[in-house]
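Novice: The structure that follows is given in the form of structure tokens.
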Amino acid sequence: MAVFLFFMICYGILGSYIALHYRIIFDSRIPWDAYFSFDNKSILMTGGSFERHPLSYYFFNWVREFSLFVSGGKMDANFRLTLAWLSNLIITLNIVQVFKYLKNIIDLPLWLNVIIILFFGAFSTNIILSFTPENFTYTLFLLSLYNHYAAIKLREEEKTPAAALSLAGITIGGLTITNFVKVFIPLLFEKDLFRSWKKFGNAAFRVIVSVICFVLLYLNRIDFKYQNIFSKTNQQYEKFSNVESMPTWDMILSFFFGGNILFPGFIMSDKHNMKGFNFKGLYMDLYSSPFPYLFIALLLILISWSYIKNFKNKWVQVIAISFLVDIMIHCVMRFGLHTSYIYGGHFVFVYPLLLGWLFFAYRSSPKIMAFLTFTLVILFTYLLVNNIFRMTEFFWFMENYYQ
């Protein structure tokens, strides 16, 4: 409750001020790219493109109608405020799920949980999504919730029921289709799965049931015109995978591993809505000093260290394989790599969980625990100072272009 209230208040103050004083959260004239490539209006009105967000249309209908109900049918400041508080609630619940994982699954001491969760709460992805109505906002919560649920099932050596798998597949995969496969990763570590044909067959049956449920709903969404899926998917891949203006290694560090945790500098661009309205868009730039690179390098060393140290730990393997899916999509296949900081909602919860498992591995070694704690506090301090400073730049942008 303390964690919930603390982050609700912190994010709530931020989101409320932005919603009441600026129109950046929702402006009916701006369909996309007002800040960091988020598609606020487009997502709220249509749920996003069906090939990437197959079932989000239905979900965001509820979000939009509820917000309109609260605002009396007007898309005004109260409408924006409702959207901001819905995002605030969801991101706070995401942080609560990560905290509960650290407490219930890893069983770390409370003081350490608090440090890790404060560190996680200061991530740029959590800050931005706490007032942004987007697919990623709700996906982040659903993924952290499902990971906690799956971890409990593995600890109790219980099967994940077909109903739970189907529900997770429909909600998580329905909001962003690339996350659909992540739902089935915990099944790989069910007890004696590969030693018993009966257990393997049962798992396969549960997967088939959930896939059929998802596919039928997906096809119904597009009136069973399945050919559109392939043509639209190819168009999206071509559009978001061919950027040659920046070095690949720098985009991977600054955007994929960096931008969703530690804000880089920002750049502005002139945009238009295809209907004669011009506006300013804000994007993240590559890191421009050695300190952010050092920060990301240290964080990657810590989570790699955690993975190696806990290699035989099935909970760590579930987290790592899930993260590998995103690495393959964005770093290897290069899909959206130039804006991969916006995809942080698919995987940033991995960092606090792997950090938690690293501390768990050295719980009986006071010297290493002290070293890790000191390192984490230094990283947290730098992260907090940097992200607060960058948010002042974001407010300057809103003050000048979105009042």
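Novice: Using only Cα atoms, what Kirkwood radius does segment 2-401 have, in angstroms?
Specialist: 21.9 Å
Novice: Taking H placed 1.01 Å from N in the peptide plane, check which residues at least 5 places from PHE279 or on another chain put their amide H under 5 Å from its amide H.
Specialist: Placed amide hydrogens put LYS271, HIS272 under 5 Å from PHE279.
Novice: Could you please state, rounded to a whole Å, how far the C-alpha centre of segment 262-330 is from the C-alpha centre of segment 103-171?
Specialist: Answer, in whole Å: 18.
Novice: Sticking with this structure for a sec: Looking only at GLU51, GLU65, GLU156, which one moves most when the chain is put into a Gaussian network model with springs between Cα atoms under 10 Å?
Specialist: Residue with maximal mean-square fluctuation among GLU51, GLU65, GLU156: GLU156.
Novice: Apply the Karplus parameterisation 6.51 cos²θ - 1.76 cosθ + 1.60, with θ equal to phi minus 60°, to every residue of segment 388-402 and state each ³J(HN,Hα) to the nearest whole Hz, in sequence, with x for glycine and proline.
Specialist: With coefficients 6.51, -1.76 and 1.60, one gets 5, 4, 5, 5, 5, 5, 5, 5, 4, 4, 5, 4, 8, 10, 9 Hz.
Novice: Given a cut-off of under 8 Å on Cα pairs at least six residues apart, what relative contact order in percent is computed for segment 2-401?
Specialist: Relative contact order of segment 2-401: 21 percent.
Novice: Then there's this: For segment 98-231, what relative contact order do you get, as a whole percent, if you take Cα pairs closer than 8 Å and at least 6 residues apart?
Specialist: Worked out over segment 98-231, it gives 20 percent.
Novice: How would you order 391-401, 324-334 from highest to lowest mean count of nearby Cβ atoms within 10 Å?
Specialist: The densest-packed peptide leads the list: 324-334, 391-401.
Novice: Relative contact order for segment 22-130: what percent, with Cα pairs under 8 Å and sequence separation of 6 or more?
Specialist: So the answer I get is 17 percent.
Novice: Mind giving me the nanometre distance, one decimal, between the label points for GLU157 and PHE279, set 7 Å out from Cα along Cα→Cβ?
Specialist: Output for this residue pair reads 5.6 nm.
Novice: Please work out the Cα center distance from segment 1-37 to segment 332-365, rounded to the nearest Å.
Specialist: After rounding, the separation between the Cα centres reads 24 Å.
Novice: Output wanted: per-residue J couplings in Hz (rounded whole) for segment 249-260, from phi through Karplus 6.51 cos²θ - 1.76 cosθ + 1.60, θ = phi - 60°, x for Gly and Pro.
Specialist: 3J(HN,Hα) across segment 249-260, in whole Hz: 4, 6, 5, 5, 6, 6, 9, 5, 8, x, x, 7.
FYI, it's all coordinate maths here, none of it is from the lab. The shown structure was predicted, so the numbers you read here are calculated from the model rather than taken from an experiment. Positions of Cβ are generated from backbone atoms using ideal geometry, with glycine treated the same way; all protein chains shown enter the neighbour counts.
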